[in-house]
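Some notes on the structure that comes next.
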Amino acid sequence: MVKFFLDLYQIRPSQLYLDASKIERVKASFNPLNVRNNPPLPVKKSGGEVYFTDGHTRAYLYDQAGISLIPVYWDDDSVDEALYDSYLNWCRKEQVIFINDLAERIVSHQ
């Protein structure tokens with residue numbers, strides 16, 4: 001895995017919601033200001049678009065902290081590309097283009 005830095009706003013989310021309880025759990029152990037030492041987030045590229053395959057909560061916390069240059073790596077895991085393309089299309093349809101678009105899409109289990 002080769003870590004590099006990419007502008008957060010050049011990476012598309014591949015999910016429509018964030019979990020409020022997960023945000024709170026991750027906040028307890030993740031410091032977005034420690035950019036250089038944080039583990040990188042996995043990304044892939046499809047049709048010219050870079051997207052997250054995981055790490056949406058941490059990406060959201062980077063955004064909330066005002067950090068836009070984040071550590072990432074090219075995810076080598078095999079994924080169902082057609083499925084991820086459908087996720088990206090769904091996000092596009094719902095106007096979830098940037099990670100901060102998820103700020104109004106935080107759900108709780110209450």
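Which of the residues spanning the stretch 76-110 are over 17 Å from Leu8 (Cβ atoms), in a helix (DSSP H, G or I) and in contact with a Leu (Cβ under 9 Å, 6 or more places away or on another chain)?
Tyr87, Trp90
When residues of the stretch 24-56 are filtered for being under 18 Å from Ile106 (Cα atoms) and surrounded by fewer than 16 Cβ atoms within 10 Å (Cβ to Cβ), how many remain?
Number satisfying all stated conditions: 5.
Show the residue pairs meeting these rules: Cβ distance below 7 Å; 6+ apart or different chains; first residue within the stretch 84-110 and within 23 Å of Ser68 (Cβ to Cβ); second residue aromatic (Phe, Trp, Tyr) and not in a loop (DSSP other than H, G, I, E, B).
These pairs meet every condition: Leu88/Tyr51; Phe98/Tyr9; Ile99/Tyr60; Leu102/Tyr60.
Quick one: in the stretch 46-75, which of the residues that are part of a loop (DSSP other than H, G, I, E, B) and in contact (Cβ under 8 Å) with a residue 40 or more places away in the chain is nearest to Ile23 (Cα to Cα)?
Ile67
Could you count how many residues in the stretch 80-98 are under 16 Å from Pro42 (Cβ atoms) and in contact with a strand residue (DSSP E or B) (Cβ under 7 Å, 6 or more places away or on another chain)? Before the answer, list the steps.
Of the stretch 80-98, the ones under 16 Å from Pro42 (Cβ atoms) are 80-81, 83-84, 87-88.
Those still in the list that are in contact with a strand residue (DSSP E or B) (Cβ under 7 Å, 6 or more places away or on another chain) too: 81, 84, 88.
Summing the residues that are under 16 Å from Pro42 (Cβ atoms) and in contact with a strand residue (DSSP E or B) (Cβ under 7 Å, 6 or more places away or on another chain) in the stretch 80-98 gives 3.
Of all residues being among the aromatic types (Phe, Trp, Tyr) and surrounded by 14 or more Cβ atoms within 10 Å (Cβ to Cβ) in the stretch 81-110, which is modelled with the lowest pLDDT? Just the residue, please.
Tyr84
Checking Ile67 against (1) buried (at least 16 other Cβ atoms within 10 Å of the Cβ); (2) within 10 Å of the chain's Cα centre (by Cα): exactly one of these is not met. Which one?
Here Ile67 meets the rest and fails (2).
The values are calculated or read from the model by the stated rules, or taken from the named source; none is laboratory data. Nothing here was measured: the structure is a model prediction, and the numbers come from that model. Cβ sites come from the backbone with ideal geometry, for glycine too, and all protein chains shown count toward neighbours.
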